[in-house]
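A short write-up of the structure that comes next.
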Amino acid sequence: MPPKNKKKEPGFKFIKASGGIEEYRLESNNLRILTLQEHSAPVATFMVTYHVGSRNEAIGYTGATHLLEHLMFKGSKKFNKEKNTAIWSELQNVGAQINATTWNDRTNYFEVVPSEHLERAIAIEADRMRHAFLKDEDRQPEMTVVRNEFERGENSPFDVLDKNIWATAYQAHPYHHSTIGWRSDIENVSTKRLQEFYNMYYWPNNATATIIGDFEKKRALALIKKYFGVHPSSQHTIPEMYTEEPEQEGPRRIIVKRGGQTGIVGIGHKTPKGLNKDTYALQVLGKILTEGKVSRLYKRIVDPGLATSLFMYDFPFKDCGMFISYVFLTPETDHSSVEEIVLKEYRQIIKEGIKQKDLNRAKAQIKANVAFSRDGSYAVASALNEAIAIGDWTFYSTFMDHIIKVSRKDVQRAAEKYLTEDQSTTGWFVPQN
Amino acid sequence: MSNYFSEKIVVDEPQTGLSTFVMPTGAKDVITFAGSLLCGSLYSPKKNSEISSLVAGMLDKGTNNKDKFEVSDILESVGAEINFFNTAHHLQFTGYCLKNDLDTVLCLLAEQLREPLFWDEELSTLKKRLIGNLERTKEDTKKQALITLLRELYPPHHPNHALTTDKKIELVSSVSTKEIKALHKNIYGLGGFNFSAAGDVSPDTINHLLKEQFSGWKEGIKKPYQLDLKARPVKAKERRMPIPDKQSIDMYLGQAIGLDRQHKDYYPLRMAIYVLGGNFSARLMQTVRDDAGLTYGIGSSVLGTNFGSDGYWSTWATFAPALLEKGREMTQDQIKKWHNKGITKKELDAKKTTITGTYQVGLDSTGGLAGRILSNAEQGEKTEHLDEYPEIIKNISLEMVNKTIKKYIKPKELTFVAAGTFAD
């Protein structure tokens, strides 16, 4: 920990530091700021993460968070086409990588810029935080853009199956619908509804601004104060999403039949909230099952040619998540035999546990992943963004410390607790030729 | 920034026929590397261009001393990866590891390249998986549209030609272990072997390791394949590939341009096409997407220009079936406008600063660096070229750009290809 006086910045309150990252609050409006200086390349990443995602949507306006994210590029008070200062051209013309993403628990806007243009990125994000246009004449053409994004997703059998598995596993909780939303909601949500959404959630006290890379901290914080300090905090309390998923009382199953060539099997099991301590053991378990060519499922399924590939994911979310294994079948392989092999491996781990060698390998893989998640300012921002989303950014900086402590028993116990039949949702994509 | 690369990249030749390009950066503990040998599909026997891709696919299936699980275990127990790819010209590999594991990983890489184990049983399961992947590409609207476009523009055996998916499946099915062994024996070796690395890495360590590991390896192919084929004289063809149950159609409008990247008109033409469809603030995204809302994505680029190949330019976009014709029409209108009036000085100046800035932003991570350095080396360019590139871009004049549009682009002769489920 550097001496306390190093962290005193006028107008900011220092909160904490972890893994080289420092957290501040802008005192005038409670905007959270994270900084990580790294000067190996003349590049900096600026990112604003809003604590709103598709979990804050409901029937009739699914996909609204994402559609709003698109409209945020259509112009704001100072940055717009009329003034010849459109957001894309202002940033792309200096070589910046610029984009935004929306997911279950957050929406983030980011710019990877040559260091000397950091101020421009900060000015743009600050302006659109409270002064985005959000016009109806912009929503009309952007709706069809987003609809085409939806349609492109629908072209992919995997995307379709994944959506169906989540929609089957989660019935009450808004993770039921995917972030892109349902087609009819994309088409019909009103501009007024999007504006209400913006005015509810896009406030400094519901956002985290992150600066990573080649910048001078004192100056960067001064810029944050200059541009974001003009906004007050919201007058209203940011609403909490309170819907909880009822307990699942038996296995669920979904079959998707569509034009296609080869089958897919997906097996999902509900997992706890991302900040639950079992998350670390589940991350290790996922590696042991599917990461690399000596992983248990790869050896049983892909290596003998029953499938072309497989993978699993278990993204830690703010609320409960899902541990899902996906297997992409070779043409002659039937769904049920592969499903049985996956479940047999699960049962074996529950019954017999894992070998120390497998645990060591999984930890080594995670260690390398963590090291590469620090390779470049954008890589850090991207990983940090997900930790911000689940409610504790130190999840990113302390992740490896927790992984190191995971024992063989922890992994076996997590498998026993979560990979149970009654908590499962199994999906098949069955191609129709 | 003017000598950024040439000052930081250490170039060496630890073995004759093996060139190294190593760039230490401020990254901590991580190293990414990339490399290539002249062993791609063009060096397969003419009767079956897929043999080389099966050689590449078998490189991680064991060596003379280690079975495939031992190979994977060595990498995975230290969280490292090595992946092999087959392209028209090259066997390429990429990899990453932590600094302390570099020795282990490079020793294994050398063993995989020099002494692969080509077992019949492994080949059989690899073919099964490859065929499964190929079957899956039949439902991929973008891939099928591109294959169709390249088949229209280029004759068989041209590096830019593409086989149909069914033909590929047929060729993959027929490859034997004997053919794989023979190809590996004949063309793998030192010669056109380039290796790049970036990150927390010492050039001396890399060069010492590679010298040790590749000492005494036989000679392979030294110079890139010399092209003796040209694009077809195709004009305004139209092809539609029906694929059932798709909600978005992939469309290409394309044309061979008859020049490679060494040609003096290459960069001015590339700049012209960048203004048309190189990024979000380019004309096509601003009009067809941002103003009209017809597509999620549209872009334009020049491709297939390496190693003397006469490349092509294409515009790619996705549309809902009901919006395909409207989208196509608007795209073609934009191309016509761009062709008739050229680009403006303001657009050229903006894109020049974009490219210079993009270059700087590309230094952010080691992954991109290793690939960029390798690609430069494969083209036979010196590392100075990486620094000169922004200067080349800065020196392009408006006149040069607009002249190349008129000279190479023929809007009335564009080939149209679309794949997906078409509206009635």
* To do: Find the residue count for the stretch B:197-240, including only residues that are under 30 Å from B:THR421 (Cα atoms) and part of a strand (DSSP E or B).
  => 3
* Asked: For residues in the stretch A:99-112 being crowded, with 22+ Cβ neighbours inside 10 Å and touching a strand residue (DSSP E or B) at 6+ places or on another chain (Cβ under 6 Å), which is nearest to B:ASP364 (Cα to Cα)?
  -> A:VAL112
* Does A:ILE15 satisfy being more than 20 Å from A:LYS135 (Cα to Cα) and within 14 Å of chain B (Cβ to nearest Cβ)? -> no
* **A:ARG183 vs. criteria within 21 Å of the chain's Cα centre (by Cα) and of a type in the set (Lys, Arg)** => no
* Close pairs from the stretch A:218-243: first over 29 Å from A:ALA44 (Cα atoms), partner surrounded by fewer than 14 Cβ atoms within 10 Å (Cβ to Cβ), Cβ under 6 Å, at least 6 apart -> A:THR243/A:ALA172
* Asked: Do we find a residue being in a helix (DSSP H, G or I), within 14 Å of another protein chain (Cβ to nearest Cβ) and at negative phi anywhere in the stretch A:310-322?
  -> no
* Asked: Can we say A:PHE158 is of a type in the set (Phe, Trp, Tyr) and within 30 Å of A:SER233 (Cα to Cα)?
  -> no
* To do: Out of the residues in the stretch A:18-62 that are assigned to a loop (DSSP other than H, G, I, E, B) and within 14 Å of chain B (Cβ to nearest Cβ), state the one that is surrounded by the most Cβ atoms within 10 Å (Cβ to Cβ).
  => A:ALA41
* Asked: Do you know which residues across the stretch B:374-421 are loosely packed, with under 15 Cβ neighbours inside 10 Å and more than 23 Å from the chain's Cα centre (by Cα)?
  -> B:GLU391, B:LYS394, B:ASN395, B:SER397, B:GLU399, B:LYS406, B:LYS407, B:LYS410, B:LYS412, B:GLU413
* To do: Output yes when any residue across the stretch A:333-346 is assigned by TED's automatic domain parsing to the domain that holds A:LYS287, within 30 Å of A:GLY260 (Cα to Cα) and not in a helix (DSSP H, G or I), and no when none is.
  => yes
* To do: Kindly list the number of the only condition in (1) under 30 Å from B:VAL30 (Cβ atoms); (2) outside any loop (DSSP other than H, G, I, E, B); (3) free of Cβ contacts under 8 Å to residues at least 40 places away in the same chain that fails for B:ILE373.
  => (3)
* Residues of the stretch A:87-141 that turn out to be within 14 Å of another protein chain (Cβ to nearest Cβ) and in a loop (DSSP other than H, G, I, E, B), as a count -> 6
* Could you tell me whether A:LYS13 is outside the structural domain of A:ALA383 (by TED's automatic domain parsing) and part of a strand (DSSP E or B)? => yes
* Structure fact -> Of the listed residues (B:ILE131, B:ILE74, B:ILE147, B:ILE82), the one being farther than 30 Å from B:ALA27 by Cα, without any contact (Cβ under 8 Å) to a residue 40 or more places away in the chain and among the aliphatic types (A, V, I, L, M) is B:ILE147
* Structure fact -> Listed by range, strands (runs of 3 or more DSSP E) wholly within the stretch B:1-90 having at least 2 residues that are in contact with a His (Cβ under 9 Å, 6 or more places away or on another chain) are B:30-37
* Yes/no for A:GLU119 being within 23 Å of A:TYR50 (Cα to Cα), of a type in the set (D, E, K, R) and surrounded by fewer than 21 Cβ atoms within 10 Å (Cβ to Cβ) -> yes
* Asked: Does B:ALA198 satisfy being buried (at least 20 other Cβ atoms within 10 Å of the Cβ) and not assigned by TED's automatic domain parsing to the domain that holds B:LEU374?
  -> yes
* To do: For residues that are within 14 Å of another protein chain (Cβ to nearest Cβ) and under 22 Å from the mean Cα position of the chain (by Cα), tally how many sit in the stretch B:18-37.
  => 4
* Are any of the residues in the stretch B:393-401 within 14 Å of another protein chain (Cβ to nearest Cβ) and over 21 Å from B:ASP349 (Cβ atoms)? -> no
* **Flag if B:LEU150 is within 14 Å of chain A (Cβ to nearest Cβ), modelled with pLDDT of 95 or more and part of a helix (DSSP H, G or I)** => no
* Asked: Say we look at the stretch A:347-396 and pick out the residues that are outside any helix (DSSP H, G or I) and more than 13 Å from chain B (Cβ to nearest Cβ); which of these is surrounded by the most Cβ atoms within 10 Å (Cβ to Cβ)?
  -> A:TRP393
* Structure fact -> Log entry, pairs with first residue in the stretch B:381-396 being farther than 21 Å from B:SER19 by Cα, second being charged (D, E, K, R), beta carbons closer than 8 Å, six or more apart or on different chains, reads B:ILE393/B:LYS352; B:LYS394/B:LYS352; B:ILE396/B:LYS352
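The values are calculated or read from the model by the stated rules, or taken from the named source; none is laboratory data. Please read all numbers here as calculations on a predicted model, not as lab measurements. Heads up, the Cβs are rebuilt from the backbone with ideal geometry, glycines too, and the neighbour counts pull from every protein chain shown.
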